[in-house]
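Below is one structure; the comments refer to it alone.
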Amino acid sequence: MSHIKTKHPNYLDIYQAHIASALSASGALSPSVSIQTTLDSFIDSKSFDIYKWIDWVVMDELELSFCEKDRTRSNTSLAIISSKTLKKYILNLSDAVEAKISEMASSAPAFSIIFDGWSQDTYHFIGIFITWPKENGFAIHLLAMTPLLDETSLSASSHKELILATLQRYNLRRSRLFCIIGDNCSTNKATADLLGVPLLGCRSHRLNLAVEAYLDIFLSSELDTVSKLMSKLSTLKEAGRLRLATSLRPVRRNVTRWLGSIRMLERFERLRQTIDDTNADVAVLLPTAAQRINIRRHAGALADFQSVTVSLQRSEATILESELLFQSLIESFPEFPFNNYLSNEAAIVHSPILERAIYKVQSGRETELTMEEERSIRPLMQDNKAVEEEDGVLSFADRALKRQKLQEAATSAFINTCFLLPTTNHVERLFSLTKRIFSEKRRRLQPLTLERLIYLKENRKLWDLKLVAAIVNNETTLNVDSCSDEEDLSSCSEIE
């Protein structure tokens, strides 16, 4: 209230004008009338301008020095600000968002960590998300996008230390970490073992491995042939000839992603009629009739794989849905050993008992849980006392009767398990964002500044004008960072 009286001496006039406007619009004040009486009218202009600058630079993925450019300043009514001042408030706002996430997550009965790695130039970044259950879904927020604490080691121990340091940074109890979610590689499995928690392997990763094996068995020679053809059609002369016949461009194979192989085959089918087979250099690279028949024979299967991939990429996808999709693939392609990759019993799976338990809980088959499965998911039971129960407390008869009662009541004994996501696609999308921001023109960004820019964009729903105003007016602690980025130009006159 002291701030309002000091900065807005005419606050009563503003409030009365607001009430008069509401009365004029509704005719009378009544419980059915919603009057948007907020403090927005009392936000000082400095805070408003800083909020707008942060929102502009962060959400449009602009360089920090954007605010100092002459053309920018001549085309905005926002008050002048230097890149160093803007960076200061970005860092302080990030600290405030961290505090909000810490407060929200501390009340969660359990949470999981989703993580993955991405390399660019001489840096290897680890993206870490946290997810926890809510009554009608789950919450997910970015915690960190940072290099390992020990950049000389990419070992499981280094990943473990980073995860624990991140939990400590947010004052999160390690005992509430239910599991980690990541790729099914040996490093991640070892990280889970060191943390003493299960690893839910990314199902998109398992599907990728399965499809790559499928392509290697059934379409290996066809892919090699079409890849050579597309490389030839991408040369200057051949590309020029191709443009005379079509606007479509050749698509080269991406050997690291099978979707790139499928797109290459699809583009070949669309270009086939326009390719000049009288050109000896090109004709010798064209697939044979048998190869073209084989490509068409497997086109339906490739479309099925692609549809499953798209379904797994949905943010609301669950382990139950992914399991149903995997079972359908296994049944639809008996000629290929999808079981080696997609089955819960596959050797690549780190925690098969837990994955079976989650599937049964999400499909409403809790009464079918074995003792091992029930033990693996017991920390997620709704009754706190049940979490602490030892195996021998209930007799066999009591357990059987309890399960029958649960089935009759048609209610779950567990909290919402949808927060146990089946993939790491949130982190993959984060890396796509990072690649755009950490472009060739911005490689001089310090890792901390890069992380904070990405952090605010990913957690956009957690900051608003009111929070920025609180920071600007010293209602939260300012933590001015001393490091600078080479992309930050020399300072100029700041907002007064």
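The values are calculated or read from the model by the stated rules, or taken from the named source; none is laboratory data. What you see is a predicted model; the values in this text were computed from it and never measured. Here the Cβ positions follow ideal geometry from the backbone for every residue, glycine too, while neighbour counts run over all protein chains shown. Each accessible area value is taken on the protein alone, full model and side chains, heavy atoms only, with ligands, DNA and RNA left out. Shrake-Rupley method; radii C 1.70, N 1.55, O 1.52, S 1.80 Å.
For this structure, a couple of remarks:
- Lone qualifier among VAL472, VAL393 - being among the β-branched types (Val, Ile, Thr) and either at pLDDT below 90 or open to solvent by 80 Å² or more (accessible area, probe 1.4 Å) (or both): VAL393
- Cβ pairs under 8 Å, 6+ apart, first in segment 279-302 and touching a residue at least 40 places away in the same chain (Cβ under 8 Å), second of a type in the set (Gly, Ala, Ser): GLN291/SER221
Yes/no per residue for (1) in contact (Cβ under 8 Å) with a residue 12 or more places away in the chain; (2) surrounded by fewer than 20 Cβ atoms within 10 Å (Cβ to Cβ); (3) part of a loop (DSSP other than H, G, I, E, B):
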site	(1), (2), (3)
GLU335	no, yes, yes
TYR341	yes, no, no
ARG356	yes, no, no
ARG378	no, yes, no
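- Leading residue by the ranking (modelled with the highest pLDDT) among those in segment 416-444 that are surrounded by fewer than 20 Cβ atoms within 10 Å (Cβ to Cβ) and not in a helix (DSSP H, G or I): ASN416
- Identity of the residue in segment 194-240, closer than 24 Å to SER322 by Cβ and without any contact (Cβ under 8 Å) to a residue 24 or more places away in the chain, that ends up most open to solvent (accessible area, probe 1.4 Å): ASP216
- Contacts under 8 angstrom Cβ, first residue in segment 411-428 being small (Gly, Ala, Ser), partner part of a strand (DSSP E or B) and surrounded by fewer than 23 Cβ atoms within 10 Å (Cβ to Cβ), 6 or more apart: ALA413/MET381
- So LEU162, is it assigned to a strand (DSSP E or B), touching a strand residue (DSSP E or B) at 6+ places or on another chain (Cβ under 7 Å) and buried (at least 17 other Cβ atoms within 10 Å of the Cβ): no
- GLU408 acidic (Asp, Glu), open to solvent by less than 20 Å² (accessible area, probe 1.4 Å), more than 30 Å from ASN188 (Cβ to Cβ) and at pLDDT below 65: no
- Tallying residues that are touching a residue at least 24 places away in the same chain (Cβ under 8 Å) and either out of contact with any strand residue (DSSP E or B) (no Cβ under 9 Å at 6 or more places or on another chain) or of a type in the set (Lys, Arg) (or both) within segment 343-354 yields 1.
- Search result, residues across segment 445-462 that are part of a loop (DSSP other than H, G, I, E, B) and either of a type in the set (D, E, K, R) or within 28 Å of HIS205 (Cβ to Cβ) (or both): ASN459
- Positions within segment 142-159 being open to solvent by 20 Å² or more (accessible area, probe 1.4 Å) and assigned to a strand (DSSP E or B), in sequence order: THR146
- Among the residues making up segment 28-74, those that are assigned to a loop (DSSP other than H, G, I, E, B), modelled with pLDDT of 95 or more and open to solvent by 70 Å² or more (accessible area, probe 1.4 Å) are ASP60, LYS69.
- Scanning segment 82-109 for residues that are assigned to a loop (DSSP other than H, G, I, E, B) and either modelled with pLDDT of 95 or more or touching a Ser or Thr at 6+ places or on another chain (Cβ under 6 Å) (or both) yields one hit, SER82.
- Selection status of THR191, β-branched (Val, Ile, Thr), more than 22 Å from ASN416 (Cβ to Cβ) and open to solvent by 10 Å² or more (accessible area, probe 1.4 Å): no
- GLU269 vs. criteria among the charged types (D, E, K, R), surrounded by fewer than 17 Cβ atoms within 10 Å (Cβ to Cβ) and part of a helix (DSSP H, G or I): yes
- The criterion of being modelled with pLDDT of 95 or more and either more than 20 Å from the chain's Cα centre (by Cα) or under 23 Å from PHE129 (Cβ atoms) (or both) holds for THR187.
- Residue ID - surrounded by the most Cβ atoms within 10 Å (Cβ to Cβ), chosen from residues in segment 121-141 that are modelled with pLDDT of 95 or more and of a type in the set (Val, Ile, Thr): ILE130
- Being open to solvent by 70 Å² or more (accessible area, probe 1.4 Å), hydroxyl-bearing (Ser, Thr, Tyr), in contact (Cβ under 8 Å) with a residue 12 or more places away in the chain and under 25 Å from LEU215 (Cβ atoms) is a description that does not apply to SER311.
- Looking only at segment 110-138, and only at residues there that are part of a strand (DSSP E or B) and of a type in the set (S, T, N, Q), the one that is farthest from LEU172 (Cα to Cα): GLN120
- On inspection, THR278 passes the criterion of being at pLDDT below 90 and either β-branched (Val, Ile, Thr) or surrounded by fewer than 12 Cβ atoms within 10 Å (Cβ to Cβ) (or both).
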